[in-house]
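> Can you keep this structure in mind? I'll have questions shortly.
The values are calculated or read from the model by the stated rules, or taken from the named source; none is laboratory data. Nothing here was measured: the structure is a model prediction, and the numbers come from that model. Ideal geometry is used to build each Cβ from the backbone, glycine not excepted, and the neighbour counts take in all protein chains shown.
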Amino acid sequence: MAPNFSIATTRKIALTDVGRGYLERCRRILADVEEATEAVTSLNATPRGPLRVNMPAVFGRLHIAPALGSFMRQYPDITLDVEMTDQFIDPLAEAVDVLVRIAELKDSSLIARKLASSQRVIVASSAYWSERGVPKEPRDLTRHDCLL
């Protein structure tokens, strides 16, 4: 049987002793929840701690390295560990927090965000094109000397 929290008459509603005790306990619980939320929120107010980042070498040198000084000034409580390598790694096995790749993410449990579009271009000297011919479609490249 549920406890009776209030007494009601045609003119007045009043809490019983059980109801007053229940209300006071609920208020303490809500105050504790609010205090716990504020404590956790204040911990997350300023980014801090280690941040491991892995990215392709050329991309990192061209686009990320120039911004590292300003990032570190803005977030002095973050300890950066930046690795620039073109080798594919398993971010979970290597405990990497952020992984930048210039590729389409295939079947994965990772969360991916597109940072930018990338275009590929084919370049060669006029002498090379004169000697070998200009490719008309991607499969024509199999007959050319290519640096990747």
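> Determine whether segment 101-110 contains at least one residue that is of a type in the set (A, V, I, L, M) and either in a strand (DSSP E or B) or at pLDDT 90 or above (or both). Don't jump to the end; show me each part of the working.
Within segment 101-110, the subset of a type in the set (A, V, I, L, M) is 102-103, 105, 110.
Then drop every residue that is not either in a strand (DSSP E or B) or at pLDDT 90 or above (or both), which leaves none.
Scanning segment 101-110, I find no residue that is of a type in the set (A, V, I, L, M) and either in a strand (DSSP E or B) or at pLDDT 90 or above (or both), so the answer is no.
> So which pairs qualify, if the first residue must be in segment 100-116 and more than 14 Å from Asp90 (Cα to Cα), the second must be of a type in the set (A, V, I, L, M) and not in a loop (DSSP other than H, G, I, E, B), the Cβ gap must be under 7 Å, and the two must be at least 6 apart or on different chains?
Taking only residues 6 or more apart or on different chains, not a single pair turns up.
> On to the next question. I need a count of the residues in segment 111-136 that are of a type in the set (D, E, K, R) and modelled with pLDDT of 90 or more.
The qualifying residues number 3.
> Tell me yes or no: at least one residue of segment 65-83 is aromatic (Phe, Trp, Tyr), at pLDDT below 85 and surrounded by 10 or more Cβ atoms within 10 Å (Cβ to Cβ). Break it down stepwise before answering.
Applying the first criterion (aromatic (Phe, Trp, Tyr)) to segment 65-83 yields 71, 75.
Going one step further and asking which of them are at pLDDT below 85, we end up with none.
No, there is no match, as no residue in segment 65-83 is aromatic (Phe, Trp, Tyr), at pLDDT below 85 and surrounded by 10 or more Cβ atoms within 10 Å (Cβ to Cβ).
> List the residue pairs whose Cβ atoms are under 7 Å apart, where the first residue sits in segment 30-59 and is over 12 Å from Asp97 (Cβ atoms) and surrounded by 10 or more Cβ atoms within 10 Å (Cβ to Cβ), the second is among the hydroxyl-bearing types (Ser, Thr, Tyr) and at pLDDT 85 or above, and the two are 6 or more positions apart or on different chains.
As it stands, the answer is Ala57/Thr85, since those pairs meet every condition given.
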